[in-house]
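Q: Take a look at the following structure, please.
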Amino acid sequence: MLTAAEAAAQLGVKLGTLYAYVSRGWLKSYRRKVGREALYRRVDIEALRGVTMPERGRRARSLPDASSWVTVAQPAAAEGSPAGVIVAESAVSSIVEGRQLAYRGYPIEELVERATFEQVCLLLWNGDRPAPPEVQRLVKEIAAARMPAAVAAALSAVGRDAAPLLRLAVMMPVLAAAERRHPARTRLDDARLIISAMPLALAPAACPKEGRAGAKPEISGIAARLLMGSFGPGFAEWEREALDHVLIACAEHELNASTFAARVVASTGADLFASVLAALCSLSGPIHGGACDRIEEMFAQLESGARLESLLASFDEKHLLPPGFGHAIYPSGDPRAALLKKVAATIARRKGKRLYETALRVEETVWKRDRLRPNLDFYLTVCVRMLGFARGLPAAIFAVGRTAGWIAHSLEQYADNRLIRPRMRYRGSPQRHWEH
């Protein structure tokens, strides 16, 4: 028999999670004849560990009733709600009244202004504001990150002209395979490794390296690593700060398609590499991850002399929204876009206003014409391109930022896991028979 503390340690969960397993019928507790302490059978803990921690190579002797371990979608809070259906509860982020976004309770406006991306990563992963030593550890790991030979070979095989998102996706399984040869690591170790390694996959796809006058060459975080990979060590501190703001704005956004994909994979017990890979694969679809590419194409056409009204009319003819405009969750405007518009204005004061002024003209015209506000993708693309990154990099930089949220949701799923297995309503042919 094991005590509650011993049982929780065997499962790798908190005591509250252990008690939740008991309340759901996953696990039975026993009371001592003397004293009130609950005890747990070791064989029951071993069987449950096969369900909750399959990456350790154990399989359950028996599964509890499906109703207790499968997450089933719940109806939307209101008929016709843009939020769709409720499939899980989460403490990672919140969207209140279609206008307020917070990470772990902190308003995104405060985080963009006062936090670093590395602090936000640890906040999302651990639930609380990180202590300085934790932040320094992550920053040092980012600075020390080097690409494993196997990953370099895989990226070489897909070619330098491969789409940046594809390069990130190719990296994940190879990185996972390389890490399995090393001693066992915690999930937080894997989280730090993933976020540290991702910028390395983008450097060969970025602009030619050209030194710039002005700034400190040392790596001090993900933004600095991305700038170093594209432009060499001469980036300015204000550029690093601007890109850091972009990454924070991208870091988390509740249960979007890519985050849901990550949680579904995590619910099977797959590792963090697999969860991040699933999220990256979902971004390869044009509906979820292709907005930045379409925005870049629109700006390229405008720069080549196309008339804005003609472009907007062509979107109407195809029954499409202008790329980078409108958001089902934010009918009054995306707060992240408002934050990044300020970042774009800061960049414009130092790098030239041409693209920024074009963006303002597009925003004003779309508002007058369609009453639509820009979303995150629009000013994310504007900021990244104004900083000088190559075409195709805005979507990849979004993915690097959003990886913080994908990991946070995967960790949350592991901590109190129920296999995500929604149901579907059948609308096919009625039952029939295959006759000779």
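Laboratory data are not the source of any read-out in this text; all were calculated from the coordinates shown. Small disclaimer: the values here were computed from a predicted structure and weren't measured. Every residue, glycine as well, gets a Cβ built from its backbone with ideal geometry; the counts of neighbours run over all protein chains shown.
Q: Send over the Kirkwood Rh of region 293-336, from the inverse of the averaged 1/r over different Cα pairs, rounded to one decimal Å.
A: Here the Kirkwood hydrodynamic radius works out to 11.6 Å.
Q: Now for a different question. How much net charge surrounds A102 when only other residues with a Cβ under 10 Å from its Cβ are counted (Lys, Arg +1; Asp, Glu -1)?
A: -2
Q: Okay, moving on. For region 261-337, state the semi-axes of the equivalent ellipsoid (square roots of 5 times the eigenvalues of the alpha-carbon gyration tensor), sorted largest first and rounded to whole angstrom.
A: 33, 15, 11
Q: Rank the residues W125, W406, W238 as a footprinting-exposure proxy: fewest other Cβ atoms within 10 Å of their Cβ go first.
A: Fewest-to-most Cβ neighbours within 10 Å comes out as W238, W125, W406.
Q: Going by C-beta contacts inside 10 Å, put S29, S282 in order with the fewest on the left.
A: Sorted ascending by nearby Cβ count, the order is S29, S282.
Q: So how do R391, R114, R402 line up by other beta-carbon neighbours within 10 Å, fewest first?
A: R114, R391, R402
Q: At E109 and H319, where each label point lies 7 Å from the Cα along Cα→Cβ, what is the point-to-point distance in nanometres?
A: 3.9
Q: Moving to a separate point now. Taking 37 °C and 0.692 mPa s as the conditions, I'd like the Stokes-Einstein D for region 291-386 in µm²/s, using the Kirkwood hydrodynamic radius from alpha carbon pairs.
A: 246
Q: Given K341/K368; K14/K342; K318/K341, which pairs have Cα atoms separated by over 30 Å?
A: K14/K342
Q: If Rh is defined by the Kirkwood formula over all Cα pairs and Rg also comes from Cα, what ratio Rg/Rh do you get for the chain?
A: Ratio of gyration radius to Kirkwood radius: 1.01.
Q: Ranked highest first by average number of other Cβ atoms within 10 Å, how do 410-421, 132-143 line up?
A: Packing order, densest peptide first, comes out as 410-421, 132-143.
Q: Also: Label E254 and A300 with points 7 Å out from Cα along Cα→Cβ: what is the distance between them in nm?
A: Label-label distance for E254 and A300, simple model: 3.4 nm.
Q: Relative contact order, percent, of region 331-403 when contacts are C-alpha pairs under 8 Å separated by at least 6 residues?
A: Relative contact order here is 41 percent.
Q: Report for the chain the percent antiparallel among DSSP-assigned beta bridges with both residues inside it, nearest 5.
A: 85
Q: Can I ask one more? What is the gain in length, in nm to one decimal, between D416 and E364 on full extension, counting 0.36 nm per residue of separation less the C-alpha to C-alpha distance?
A: Length difference between fully extended and current span is 14.1 nm.
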